[in-house]
Amino acid sequence: MAQLDKFFEEMIRLGASDLHLTTGLHPYFRLDGDMAAISGAPAMNAAEMRRLLFEIAPEGSQKQFDEECDTDFAYELPGRARFRANFFMDMRGPGAVFRQIPEEILTLEQLDLPKAVRDLCFLSKGLVLVTGPTGSGKSTTLAAMIDFINKRRSDHIITIEDPIEFVHKSQKSLVHQREVGRHTESFKRALRAALREDPDIVLVGEMRDLETVEIAIETAETGHLVFGTLHTTTAMTTVDRIIDQFPAGRQAQIRTMLAASLKGVIAQTLCKKKSKGRIAALEILITTKAVAALVREGKTHQILSAMQTGAKFGMKLLNDSLVDLVKDGLVDPNEAYIKAVDKDSLMAKLQHIGVSVDLGAVSEGNSPGEAAAAPALQLDPQAPMPASPEPEIQAETHESAPGGYRDPFQLFRKKRNN
């Protein structure tokens, strides 16, 4: 068993979303959105960190890391979970972040996604975008949508990802999953090739550059259903982001193409729940004839008004979603305020239902909930991490386990239970 497997097992047990490893510092988990130091785990110097990371890295990823100072790949604990790995170099030395990808794909029902999202899964063609900042649950939402289709439609689904996250077994649909760097050179190359592979549905993990965006729009226009992601925070800014990527001389043409192909935008952000865990607040744009006309005519600033009156089509503004979460007692008003883009509008909506926001607490950076304490991982005493001389950057002094060897998760669990 690789030494990192102990950390991954503890991530699964605690429900941590991410593991952060930094040369010279203690490891961190992200628990319910908060960073929590594993103060019982030993800090490692650069050489130790490299050995720890390379124990699980494929040979190709090791070579890429040595040449380019970063690399991405997926790592699996069979039957337990997958982890999206990113290795990088910074001023301290090697580091890594691991995102937990559960083995089980959550359903649309389990995620409590609205009917408007489910209806997008029945489209035969068009472009559907799931957007939000990093770590907002875009992959989870897309996986649920692909799983919904896979169980109900007799189609050919191609996913292009970097790396492959959720694994979809062919059920009613035939599913092919391709990983950038392993199975194809780039998103744009795989997307072009997909057009010759008889697809019905194509998922593009990241629409990173102008050419990938353009091919995705063309693919949607030619009778395929395309799912993609962008790192935009609202539906309206998503439309602007796509159009603004193109030179001014081409933007009118792209507006026309986008008006015809865009079917919906799901913009989401994750909020800390009052109890435990996180929940998504969604902004949903459905491309009606009126919205398509606004996109085509370059009047994207009026999309907000169309969304405010588009509830019967399943449209919803982010602030309305945040207010609903507050009304249902799931999210603290301060947390909703932090996550809002249009904060003045949210304040007005909350005041209308008799709810106030403690701006003093928000300005001081206090989280609505208690930050998680850091866990205690039981490393295998027969295969300890190497006991090193002083790390290249001295870590803070923390209590160690009996016998002089740190017992990282025991201390973490103790703090978390107090």
Of all residues in region 265-299 being polar (S, T, N, Q) and under 22 Å from the mean Cα position of the chain (by Cα), the one that is most open to solvent (accessible area, probe 1.4 Å): S275
Where a residue in region 51-71 is under 17 Å from Q3 (Cα atoms) and its partner, wherever it lies, is among the β-branched types (V, I, T), with Cβ under 8 Å and at least six apart: A57/T71
Helices (runs of 4 or more DSSP H) contained entirely in region 294-365, each with at least 3 residues that are at pLDDT 95 or above: 303-308, 318-327, 333-339, 343-352
Residue list for region 213-264, filter: closer than 30 Å to S154 by Cβ, open to solvent by less than 50 Å² (accessible area, probe 1.4 Å) and among the hydroxyl-bearing types (S, T, Y): T219, T229, S261
Leading residue by the ranking (nearest to T269 (Cα to Cα)) among those in region 300-310 that are exposed (fewer than 13 other Cβ atoms within 10 Å of the Cβ) and free of Cβ contacts under 8 Å to residues at least 60 places away in the same chain: Q308
Residue selected from region 329-356 under the condition among the charged types (D, E, K, R) and more than 20 Å from L304 (Cα to Cα), by the criterion most open to solvent (accessible area, probe 1.4 Å): D332
Qualifying helices (runs of 4 or more DSSP H) (wholly inside region 48-152; at least 1 residues being within 16 Å of G228 (Cα to Cα)): 115-120, 138-152
Leading residue by the ranking (most open to solvent (accessible area, probe 1.4 Å)) among those in region 160-174 that are of a type outside the set (K, R) and over 16 Å from the mean Cα position of the chain (by Cα): Q171
Residue that is surrounded by the fewest Cβ atoms within 10 Å (Cβ to Cβ), among those in region 1-47 that are within 22 Å of the chain's Cα centre (by Cα) and assigned to a loop (DSSP other than H, G, I, E, B): G15
Residues within region 195-211 that are crowded, with 24+ Cβ neighbours inside 10 Å and at pLDDT 95 or above, tallied: 4
Verdict on S124 being modelled with pLDDT of 95 or more, within 21 Å of Q177 (Cβ to Cβ), open to solvent by 20 Å² or more (accessible area, probe 1.4 Å) and not charged (D, E, K, R): no
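The values are calculated or read from the model by the stated rules, or taken from the named source; none is laboratory data. Remember, it's a predicted structure, so these values are computed and weren't measured experimentally. Positions of Cβ are generated from backbone atoms using ideal geometry, with glycine treated the same way; all protein chains shown enter the neighbour counts. Heavy atoms of the whole protein, side chains included, go into the accessibility calculation; ligands, DNA and RNA do not. Shrake-Rupley method; radii C 1.70, N 1.55, O 1.52, S 1.80 Å.
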